[in-house]
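Taking it in order: structure first as structure tokens, then the write-up.
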Amino acid sequence: MALLAKMFEDWCGHEPQQIVFLPQSGSYRSYCRIRSGSISVLGACNRDARENDAFLTFSKSFRKEGLPVPAIYAENLSEGVYLLEDLGSNTLFDLVKDRPFSEELIPIYKKSLTKLVDLQIKGKDCIDYQKCYPRAAFDRDSMMWDLNYFKYYFLKLVRIPFDEQALENDFRTLVDYLLQERSDYFYFVIFKRLILWFLKENPFLLTIREDAGAPYNMIRLACFSMPKHVCQRLFVRN
């Protein structure tokens with residue numbers, strides 16, 4: 001916290017008046033909101049140097065291309081800390097959780113999906129793939145990691161009985177099938193969670209995984225549990 005407080009003071013010239021840590025997410029990266037008067041930023045701390053390098057490098061590249069990611073204000077890679085734009089606390093989930101498929105939310109879904117597609121398509125042309133983390137491509141090993149995560153952190157934890165060898169055979173068959181598709185797209189985990197922040201009615205992405213080189217079935221993910229008529233409207237251009 002002391003490092004982030006000093007970085008904040010060096011950046012804006014004011015001592016922090018308030019530092020509030022945000023709930024931990026799926027990664028080891030931790031965030032806090034640092035405020036002084038009308039100034040508010042997010043401070044990030046992560047001891048994984050390669051992940052930080054990928055996150056900061058990609059964020060700067062995306063920002064330069066006009067893609068919707070927060071600005072990076074200051075960084076200290078040797079200490080694993082940096083400051084970035086505070087997008088507030090209004091997420092897509094907050095907007096839709098109480099009325100997920102109401103008529104007035106259709107434009108919000110469309111705007112969000114458009115921005116996600118923009119990042120996936122345009123992002124692949126502006127990043128240094130050597131910075132990708134933990135691998136430069138969503139290849140066989142990456143797919144097997146994800147599938148084994150499902151096995152060990154879902155099936156085994158909830159004690160669902162299964163045939164270990166049959167499941168392994170299914171995993172290999174699925175991976176062989178997936179590897180037949182094109183793999184020249186930028187891939188990011190945000191599609192799985194659709195976590196977007198809204199600032200002045202515009203969607204921004206914050207949490208991205210620094211993988212690359214894989215297609216992603218956007219339609220299937222976007223339409224998960226949605227009524228058919230909502231799905232159809234989301235993918236019709238005005």
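The values are calculated or read from the model by the stated rules, or taken from the named source; none is laboratory data. Just so it is clear, the structure is predicted and the values come from calculations on it, not from any experiment. Ideal geometry is used to build each Cβ from the backbone, glycine not excepted, and the neighbour counts take in all protein chains shown.
For region 1-47, give me each residue that is basic (Lys, Arg) and surrounded by 14 or more Cβ atoms within 10 Å (Cβ to Cβ).
Listed by number, the residues that qualify are Lys6, Arg29, Arg33, Arg35.
Could you please let me know if Ser36 is of a type in the set (S, T, N, Q) and in the same structural domain as Phe8 (by TED's automatic domain parsing)?
yes
For Phe55, which of the numbered conditions (1) in the same structural domain as Lys228 (by TED's automatic domain parsing); (2) within 15 Å of the chain's Cα centre (by Cα) fails to hold?
Exception for Phe55: condition (1).
Taking the conditions exactly as written (outside the structural domain of Leu22 (by TED's automatic domain parsing), assigned to a helix (DSSP H, G or I), free of Cβ contacts under 8 Å to residues at least 40 places away in the same chain and within 25 Å of Glu181 (Cα to Cα)), does Asp146 satisfy them or not?
yes
Can you tell me which residues in region 100-130 are part of a helix (DSSP H, G or I), under 21 Å from Arg50 (Cβ atoms) and out of contact with any Leu (no Cβ under 9 Å at 6 or more places or on another chain)?
Once the filter is applied, which keeps residues that are part of a helix (DSSP H, G or I), under 21 Å from Arg50 (Cβ atoms) and out of contact with any Leu (no Cβ under 9 Å at 6 or more places or on another chain), region 100-130 yields Tyr129, Gln130.
Before we move on, is Lys156 over 30 Å from Phe62 (Cα atoms) and in contact with an Asp or Glu (Cβ under 9 Å, 6 or more places away or on another chain)?
no
Is it the case that Val96 is out of contact with any strand residue (DSSP E or B) (no Cβ under 8 Å at 6 or more places or on another chain), buried (at least 16 other Cβ atoms within 10 Å of the Cβ), modelled with pLDDT under 80 and over 23 Å from Tyr28 (Cα atoms)?
yes
Kindly provide the set of residues from region 64-91 that are surrounded by fewer than 16 Cβ atoms within 10 Å (Cβ to Cβ) and either among the hydrophobic types (A, V, I, L, M, F, W, C) or farther than 18 Å from Gly43 by Cβ (or both), ordered by number.
If the condition is that a residue be surrounded by fewer than 16 Cβ atoms within 10 Å (Cβ to Cβ) and either among the hydrophobic types (A, V, I, L, M, F, W, C) or farther than 18 Å from Gly43 by Cβ (or both), then Lys64, Glu65, Gly66, Ala71, Leu77, Asn90 are the ones that fit.
Show the residue pairs meeting these rules: Cβ distance below 8 Å; 6+ apart or different chains; first residue within region 152-164 and at negative phi; second residue surrounded by 10 or more Cβ atoms within 10 Å (Cβ to Cβ) and not in a loop (DSSP other than H, G, I, E, B).
Pairs found: Leu155/Leu167; Ile160/Phe154; Phe162/Leu155.
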